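Note sheet for the following structure.
No lab work stands behind these numbers, since they all come straight from the coordinates. Worth saying up front: this structure is predicted, and the values here are computed from it rather than measured. When we count neighbours, we look across all protein chains shown, and the Cβ atoms used for this are built from the backbone with ideal geometry, even at glycine.
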Amino acid sequence: YNPGNHVVHTLMVRVSTEVFGRTPFGLRFPVFIGGTLLIPASAWLAWTLFASRAVALLTALGVAAGSQLVEYSANARGYVWMTLIATLMMIATWHALRRPRRKRYWLAWGACGALGAYTLPLMIYPVCGLSAAVLIQATCARGRSADDRRAMGRGWLIGGLLCGCGTLALYAPMLIVQGPRQVWEIQKMTLDVWGPRVGGFGNMLA
């Protein structure tokens with residue numbers, strides 16, 4: 001196992017190349033499927049947030065024609081699958097915040113986080129961002145009852161435990177075979193990705 005390996009995608013490519021051969025089509029087929037699924041998933045997210053058919057349609061068109069997302073769907077890597085799972089996690093977050101006492105939304109939240117981390121360790125950024133959104137709602141939201149806020153906190157703990165334990169369970173074979181040191185190398189890679197972004201935020205805002 002290489003710490004930069006996109007595990008779920010690699011497993012899918014193994015199956016795809018067994019079926020279609022070691023050809024560009026065989027390598028790209030899994031990400032093509034993921035990119036295609038991202039179109040309705042993004043429309044679903046837009047509908048969830050705005051309840052507008054026009055917004056959902058425009059979102060689907062934007063995702064379908066977005067050059068960077070098209071590139072993700074053609075480069076035979078796992079980024080598009082992480083994007084799809086993060087989109088589903090956003091939908092789960094929205095429903096969990098609206099109905100914090102329904103555990104199935106928090107379980108879906110945690111399952112998405114674990115599967116996304118197994119797809120690509122950079123999933124830590126969507127997980128942390130959505131966790132911050134949940135905690136802000138649980139502590140600062142106006143017009144929510146104390147029971148709802150406590151339910152958000154409990155739900156986030158349930159989802160977080162599922163996410164953490166699920167990620168450890170999925171990575172367990174690699175941890176057992178190679179030891180934690182090589183898998184932990186991903187921390188350096190993650191920081192290497194994050195470092196240039198911090199300096200770039202000011203330029204992006206400008």
Quick one: 3J(HN,Hα) in Hz for region 116-126, Karplus 6.51/-1.76/1.60 with θ = phi - 60°, rounded, Gly and Pro as x.
x, 5, 6, 6, 7, x, 5, 4, 4, 6, x
Here region 38-44 yields Karplus 3J(HN,Hα) values (6.51, -1.76, 1.60; θ = phi - 60°; whole Hz; Gly and Pro given as x) of 5, 5, x, 5, 5, 5, 4
Counting only Cα, what are the radius of gyration and maximum Cα-Cα distance Dmax of the chain, in Å?
18.4, 57
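Taking only DSSP H segments of four or more residues, each worth -39500 (n - 2.57), what value at 222 nm results for the chain once the sum is divided by all its residues, to the nearest 500 deg cm²/dmol?
-28000 deg cm²/dmol
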Once you compute Rg and the Kirkwood Rh from C-alpha atoms, what is the Rg to Rh ratio for region 1-63?
1.18
Using bins 10 angstrom wide from zero, how does P(r) for region 11-131 break down, in % of all Cα pairs?
14, 37, 35, 12, 2
Run the numbers for Val15 and Ala132: contour at 0.36 nm per residue of separation, minus the present Cα-Cα distance, in nm.
38.4 nm
Distance in nm between label sites at Lys103 and Ala146, each 7 Å beyond Cα in the beta-carbon direction?
2.4 nm
